[in-house]
2 protein chains.
Amino acid sequence: MIWFTEYWTDNVGITFKVKEVKKIKSKYQEIAVLDTLEFGRMLVLDGLVQTTEKDEFIYHEMISHPALFLAKNPEKVLVIGGGDGGTIREVLKHPSVKEVHLCEIDEEVIFIAEKYFPSISFQLKNPKVKIFIEDGNDFLEENKNSYDVIIMDNSDPIGASEVLFKEEFYQKVKNALKKDGIMVAQTESPILQTKYFQNAVREIKKVFRNVGVYLAFIPTYPSGMWSFTIASENVDIFNLKDIDIKNLDLKYFNKEIFKSLYTLPTFVKNLI
Amino acid sequence: MIWFTEYWTDNVGITFKVKEVKKIKSKYQEIAVLDTLEFGRMLVLDGLVQTTEKDEFIYHEMISHPALFLAKNPEKVLVIGGGDGGTIREVLKHPSVKEVHLCEIDEEVIFIAEKYFPSISFQLKNPKVKIFIEDGNDFLEENKNSYDVIIMDNSDPIGASEVLFKEEFYQKVKNALKKDGIMVAQTESPILQTKYFQNAVREIKKVFRNVGVYLAFIPTYPSGMWSFTIASENVDIFNLKDIDIKNLDLKYFNKEIFKSLYTLPTFVKNLI
């Protein structure tokens with residue numbers, strides 16, 4: 001039996017007991033699949049936990065449903081990153097959605113997800129899904145004024161994903177959205193990655209008129225407090241209507257969470 | 001430089017880089033003071049993190065203010081456990097409070113807090129505070145029908161604190177409350193200590209008519225998702241009025257958090 005530790009910063013980390021480890025080197029990163037005793041199978045990219053069988057539902061529900069419920073009638077959705085397929089699975093729970101594009105730079109992530117994480121990836125085969133193995137930056141330039149919702153389900157702002165957290169990139173996201181489009185991005189931990197969090201929100205605010213931040217409890221991500229930032233040029237994202245989730249098969253998100261979506265602890269409000 | 005790891009379960013833990021460690025054996029437990037690089041000074045009892053300088057405000061605000069705002073005019077408050085003084089500090093922010101009793105079994109915790117954690121413990125010297133070095137069980141039997149609010153700021157339900165999570169004990173808490181009294185307890189992590197959490201809520205529901213559960217993000221506690229359970233026989237704790245917190249000097253709790261206090265992820269709702 002071995003232990004795998006992810007260092008959240010130089011000075012704090014989380015450590016998991018692991019039965020078995022498989023490692024693959026792709027063109028872009030080291031991909032590891034760990035069988036953990038507490039969280040089930042875990043996907044790790046370059047040493048950072050991306051998702052686990054036990055708690056993946058929290059991240060995938062919370063990155064998807066708020067934006068999809070805020071969009072009037074989301075038909076066409078783009079997911080950038082998210083090669084594990086969990087976000088796609090949640091997006092397809094909305095019956096209005098006719099087409100989902102997945103733009104993932106590393107096709108090995110998709111192969112690994114299909115092989116080792118079937119409960120997360122199974123909707124990647126859905127005929128509504130089109131997969132593009134491509135850089136997010138290039139893809140957006142080719143697809144202007146196209147999407148009702150764009151979900152930035154990418155890894156942390158280090159290495160390959162760093163450019164995805166900058167004003168220039170958010171401008172491309174905005175151009176790829178339809179007039180009443182909505183964007184949502186994962187924006188790190190306000191407690192342990194304060195600068196990345198503040199920077200992402202500030203860059204998004206330079207581009208979009210309406211910007212809101214919300215949080216979710218994600219035990220396997222740094223500090224357990226994870227942030228998402230939602231943005232739209234023309235949709236009033238602060239108008240949180242009553243929603244009906246009864247057929248969506250959700251384990252975390254619900255109508256009370258939607259109603260109080262932007263409720264934040266005071267110290268987080270003061271950061272943005 | 002060394003690392004201190006708290007194992008949250010047999011299979012997952014959190015690990016902190018530490019500059020210096022001081023250890024004391026009291027009559028009841030091993031008390032350690034760790035200088036961590038990420039969270040500042042940390043108090044550890046029998047290997048379990050109790051509080052850190054960086055994130056203590058979250059726990060202490062969230063265990064105190066919801067119950068104090070729900071109580072009509074809280075004048076007399078009892079804190080069981082809580083020898084570090086952080087809960088006392090928050091309780092005394094309410095101008096209606098005339099008297100706070102602290103019932104702590106281990107006076108070494110108080111000495112350590114006064115010596116090493118002055119920013120947490122400084123209100124222990126306030127003339128409104130009376131400290132009783134006594135077992136919580138015995139203390140409650142001697143003080144019936146006495147308190148507006150009782151705060152169960154004790155350690156986890158293992159060892160000495162196990163009896164504090166049982167119906168018999170909550171019955172004593174109820175008897176020590178005035179007619180419109182309110183109790184609040186820390187009730188563990190719904191994700192990693194599911195049985196303890198469910199058990200505590202179930203035992204509290206056997207005793208009190210109105211019981212509500214709420215959560216807070218506490219990065220140094222297991223899973224980062226921490227639960228509190230609030231209970232009252234006669235106060236409608238679900239009637240969350242507008243509150244004014246402007247002079248309270250709070251960093252986490254605010255009026256929006258109070259308004260949506262009992263909003264829970266669906267899987268947590270399904271556990272209670």
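What the table shows:
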read-out: Hits in the stretch B:1-52 (condition: under 28 Å from residue A:36 (Cβ atoms), of a type in the set (D, E, K, R) and within 23 Å of the chain's Cα centre (by Cα)); value: B:6, B:38, B:46
read-out: Of all residues making up the stretch A:69-89, the number that are within 13 Å of the chain's Cα centre (by Cα) and among the aliphatic types (A, V, I, L, M); value: 4
read-out: Exclusive hit being free of Cβ contacts under 8 Å to residues at least 40 places away in the same chain, closer than 20 Å to residue B:82 by Cα, more than 9 Å from chain A (Cβ to nearest Cβ) and not basic (Lys, Arg), set B:188, B:168; value: B:188
read-out: Any chance residue A:90 is in the same structural domain as residue A:122 (by TED's automatic domain parsing) and either surrounded by fewer than 23 Cβ atoms within 10 Å (Cβ to Cβ) or free of Cβ contacts under 8 Å to residues at least 40 places away in the same chain (or both); value: yes
read-out: Flag if residue B:53 is more than 30 Å from residue A:54 (Cβ to Cβ) and within 14 Å of chain A (Cβ to nearest Cβ); value: yes
read-out: Residue in the stretch A:195-213 that is touching a residue at least 24 places away in the same chain (Cβ under 8 Å), under 27 Å from residue A:39 (Cβ atoms) and either surrounded by fewer than 17 Cβ atoms within 10 Å (Cβ to Cβ) or within 12 Å of another protein chain (Cβ to nearest Cβ) (or both) present; value: no
read-out: Pair list, Cβ < 7 Å and 6+ apart or interchain, from the stretch B:231-248 residues that are in the same structural domain as residue B:148 (by TED's automatic domain parsing) to residues that are part of a loop (DSSP other than H, G, I, E, B) and aliphatic (A, V, I, L, M); value: B:240/B:261
read-out: Candidates B:33, B:21, B:97, filtered to the one that is away from chain A (no Cβ under 13 Å), under 30 Å from residue B:211 (Cβ atoms) and either out of contact with any His (no Cβ under 9 Å at 6 or more places or on another chain) or at pLDDT 95 or above (or both); value: B:97
read-out: Output for the stretch A:214-237, where each listed residue is more than 25 Å from residue A:163 (Cβ to Cβ) and either surrounded by fewer than 19 Cβ atoms within 10 Å (Cβ to Cβ) or among the acidic types (Asp, Glu) (or both); value: A:234, A:236
read-out: Residue within the stretch A:238-256 that is at pLDDT 95 or above, more than 14 Å from chain B (Cβ to nearest Cβ) and buried (at least 19 other Cβ atoms within 10 Å of the Cβ) present; value: no
read-out: Only one of A:262, A:221 that is at pLDDT 95 or above, within 14 Å of chain B (Cβ to nearest Cβ) and touching a Ser or Thr at 6+ places or on another chain (Cβ under 7 Å); value: A:221
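The values are calculated or read from the model by the stated rules, or taken from the named source; none is laboratory data. Quick caveat, the model's predicted, so the values are computed rather than measured. No Cβ is skipped: glycine too gets one built from the backbone with ideal geometry, and neighbour counts run over all protein chains shown.
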